[in-house]
Structure formats: structure tokens, C-alpha cells
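Working notes, beginning with the structure itself.
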Amino acid sequence: MSNSPTQIQLIQPDDWHLHIRDGEVMKDVLADTARQFARAIIMPNLKPPVTTVDLAKAYRSRIESNLNSLGIDTFTPLMTLYLTDNTSADEVRKAKAEGMVAFKLYPAGATTNSDAGVSDIKHCYAALESMQLVGMPLLVHGEVTSSEIDIFDRESVFIDSVLEPLRKDFPELKVVFEHITTKEAAHYVRDATTGNINTLAATITPQHLLMNRNAIFAGGIRPHNYCLPILKREEHRVALLEAATSGSSRFFLGTDSAPHAKDAKEAACGCAGCYSAFNALGLYAEAFESVDKLEKLEGFASFFGADFYSLSRNSKKITLVKQVQSIPNELPLGNTTIVPLRAGETIAWSLV
Ligand code: DOR
Ligand code: ZN
């Protein structure tokens with residue numbers, strides 16, 4: 001019998017991978033994240049994408065004005081730029097000078113708003129060279145896009161065909177393998193030997209720690225459990241949970257909370273993305289508790305990401321209690337609604 005605590009205190013976490021969109025809907029989703037996290041890395045896959053420093057600064061201002069109107073002064077957005085075939089070495093230097101924290105690699109066609117993404121990583125070598133030089137991390141959506149490759153294999157094929165060659169060519173480039181979903185990815189990061197091993201890390205979402213691919217088809221098709229990279233078999237979930245709870249500083253929290261309106265998910269061609277921001281910390285606590293590793297949550301959620309990005313750790317503490325929280329069926333999203341992860345069910349842990 002496990003003797004689990006009913007309350008845990010930890011240094012306030014950060015979310016190292018987050019989508020908050022733009023316009024009308026932004027403040028609804030931002031409020032959920034800012035209630036729990038001190039900082040978040042904001043993904044640049046807007047329409048049009050955030051490909052330049054000027055666009056990123058303008059986006060940051062819109063985020064700040066939403067925070068102001070919500071009366072929140074305890075949350076810092078960390079800005080990223082969207083890498084394209086045409087990103088110049090100069091834009092990378094400018095991004096560094098202006099306090100942008102990373103570039104995001106979307107292979108063209110891999111996911112939501114990735115059409116302007118990279119068609120061939122070789123086109124980005126000048127930008128990558130510059131990133132390596134100035135210490136600007138590359139955040140990677142790690143899936144190949146070829147329709148001939150089975151959707152469940154796209155991440156593992158990416159490791160061999162793109163990531164490993166990239167690591168050889170840029171051994172000092174900081175790389176975050178984002179939202180990993182397979183045993184192959186977890187082990188690749190855990191056992192890294194190519195390049196400077198301190199320059200590789202991975203984020204893991206709550207849904208990939210808590211669900212396997214059966215959850216997309218439980219009793220019928222479940223569009224709210226559909227995200228990319230797609231949920232995998234149980235053996236992969238187990239490997240991810242093992243990595244996240246191992247205490248290794250190479251794995252840290254990134255929710256990939258990706259809001260889409262209810263009708264865009266419940267559609268003939270529904271969008272990819274799980275909205276986990278409503279009680280993301282409760283979901284992670286559940287996952288860690290399921291293997292009796294709650295004591296490893298603080299490193300994963302609050303320390304390792306900041307250390308990797310060479311940012312200071314937070315100092316404020318938060319408390320999670322083992323208290324069931326009911327998750328609403330829908331939440332407001334601008335003039336429409338969104339269905340959060342676990343809608344209509346409960347989450348075992350809540351933020352005090
Ligand atoms: O499921 C996903 N949704 N995966 C991504 O990579 C993008 C995200 C989104 O922006 O909706
Ligand atoms: Zn994402």
C-alpha cells in the first residue's frame with residue numbers, strides 16, 4: 001500500500017510549451033495558465049506565424065495588454081519565433097538581443113498552422129549555425145510529414161532521419177525535443193551520446209503521461225483526446241512516465257495546451273490539440289502519484305526547464321491538495337466555447 005501525501009508544496013512551476021492563440025480567445029486561455037504557472041514559452045504558430053522579431057514583440061505586447069486587463073502581474077510570457085526556410089542568421093542574432101528565448105521548428109505540414117514551416121532542415125543551416133553560436137535553443141516538433149509514413153511512426157522515424165543528423169552537425173545547439181510521445185524518443189533523450197549531451201532535453205504533456213491511444217476511440221471517436229503527435233500505445237505511455245518521474249533533468253514540463261473551439265474539434269476534420277491548461281498541474285500530479293513519485297514532480301515542473309534555458313528558478317511556493325476537482329463540460333472561449341481535457345469528469349488534485 002502506498003502512503004501518498006494529501007498535500008504537496010512546490011516552487012511555482014513554469015510551462016515550457018504553450019499555445020495561447022491571439023485576439024478574442026487569448027485572455028480566456030491565458031487566465032487558466034497564469035493561475036498556475038509563473039512563466040510559459042509561447043508558441044508562434046499563429047495565422048500568420050510569428051516569423052520575425054518585430055512580430056514576436058507585437059505579439060508580446062498583445063499578451064501583456066491582456067494580462068493587464070485581467071489584472072495579472074505575476075506571469076511572464078517567454079517569446080519564440082517560427083523558423084522558416086528563409087530565417088536569416090541576422091534575425092537569430094536580433095532575436096537573441098531582444099530577449100526572445102527560442103526558435104520553433106515545425107516541419108511543413110506536421111500540425112496546426114505549420115504550412116509555412118520548414119520544407120527541408122538543410123535550408124536552415126545558416127540560421128542554426130547562428131543559433132548554436134549565440135546560444136539560442138531550437139524547439140522541435142519531432143515528426144516527419146511524409147504521408148507514406150504511418151502516423152504512429154512519424155516521431156521515431158524523425159529521430160533517425162532528422163534529429164540525429166542535426167545533433168551531429170550542431171553538437172552545441174540546444175535542442176528541446178517537444179511533446180515526446182514514444183519510448184524511442186524518451187530513450188533517445190535519456191541515453192543521448194551525440195553532440196554535447198547537456199544540450200538536449202524534452203518536454204512531456206499531461207495527456208501523454210495519462211492516456212494511450214485507446215483514449216481516442218473509447219466507445220466512439222473522442223476528438224478532444226486527439227493531438228499531435230498522436231497518443232501512442234501503452235508501452236510508450238509507460239516509458240514517458242518513467243522518464244518524467246526519473247529525476248533526470250533532461251525531462252521537463254510542457255503542457256502543449258492547444259486551444260481549439262468546440263466546433264473546430266467536433267467536426268468532420270477536427271483540429272489537433274488538447275486543452276489541458278484548466279488544471280494542468282492537477283493532471284501532472286495524478287500522473288506522478290500513479291507511480292508513487294510525487295516527490296519528483298517539483299524538479300520536472302519547477303526546476304529543470306529553468307535550468308535548461310539558463311533562467312533563474314522561481315521562488316514563490318504553491319500548494320497542491322488531493323482534492324477532487326470537477327471539470328466543466330465546456331468553458332468560455334471568446335464568443336464560443338472550448339472543451340477542456342477531462343471535461344465532465346474529475347481531476348484528483350487541485351491547486352490551493
Ligand atoms: O495537437 C497539437 N496542437 N499539436 C501541435 O503540434 C500544435 C497544436 C496546435 O497548435 O493546435
Ligand atoms: Zn505545441
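Checked against (1) open to solvent by 40 Å² or more (accessible area, probe 1.4 Å); (2) under 27 Å from ALA31 (Cβ atoms); (3) not hydrophobic (A, V, I, L, M, F, W, C), TYR106 passes all but a single condition, namely (1).
So for the range 122-131 (the condition being within 23 Å of the chain's Cα centre (by Cα) and either open to solvent by 10 Å² or more (accessible area, probe 1.4 Å) or within 14 Å of ligand 1 (Cβ to nearest atom) (or both)), does at least one residue qualify? Looking through the range 122-131, none of the residues is within 23 Å of the chain's Cα centre (by Cα) and either open to solvent by 10 Å² or more (accessible area, probe 1.4 Å) or within 14 Å of ligand 1 (Cβ to nearest atom) (or both). Please determine whether any residue of the range 257-273 is closer than 26 Å to THR6 by Cα, more than 16 Å from ligand 2 (Cβ to nearest atom) and open to solvent by 30 Å² or more (accessible area, probe 1.4 Å). Within the range 257-273 (the criterion being closer than 26 Å to THR6 by Cα, more than 16 Å from ligand 2 (Cβ to nearest atom) and open to solvent by 30 Å² or more (accessible area, probe 1.4 Å)), the answer is no, since none of the residues qualifies. As a summary of the residue check, LEU200 satisfies the conditions (1) in contact with a strand residue (DSSP E or B) (Cβ under 6 Å, 6 or more places away or on another chain); (2) free of Cβ contacts under 8 Å to residues at least 40 places away in the same chain except for the one numbered (2).
Only one of the listed residues (PRO206, PRO229) is open to solvent by less than 10 Å² (accessible area, probe 1.4 Å), within 16 Å of ligand 2 (Cβ to nearest atom) and farther than 24 Å from GLN325 by Cβ. That residue is PRO229. Within the range 67-87, the set of residues being surrounded by fewer than 21 Cβ atoms within 10 Å (Cβ to Cβ) and either of a type in the set (Gly, Ala, Ser) or not in a loop (DSSP other than H, G, I, E, B) (or both) comprises LEU67, ASN68, SER69, LEU70, GLY71, THR76, LEU78.
The values are calculated or read from the model by the stated rules, or taken from the named source; none is laboratory data. Nothing here was measured: the structure is a model prediction, and the numbers come from that model. So basically every Cβ, Gly included, is an ideal-geometry build from the backbone, and we count neighbours across all protein chains shown. Ligands, DNA and RNA are excluded from the accessible area calculation, which covers all protein heavy atoms including side chains. Shrake-Rupley method; radii C 1.70, N 1.55, O 1.52, S 1.80 Å.
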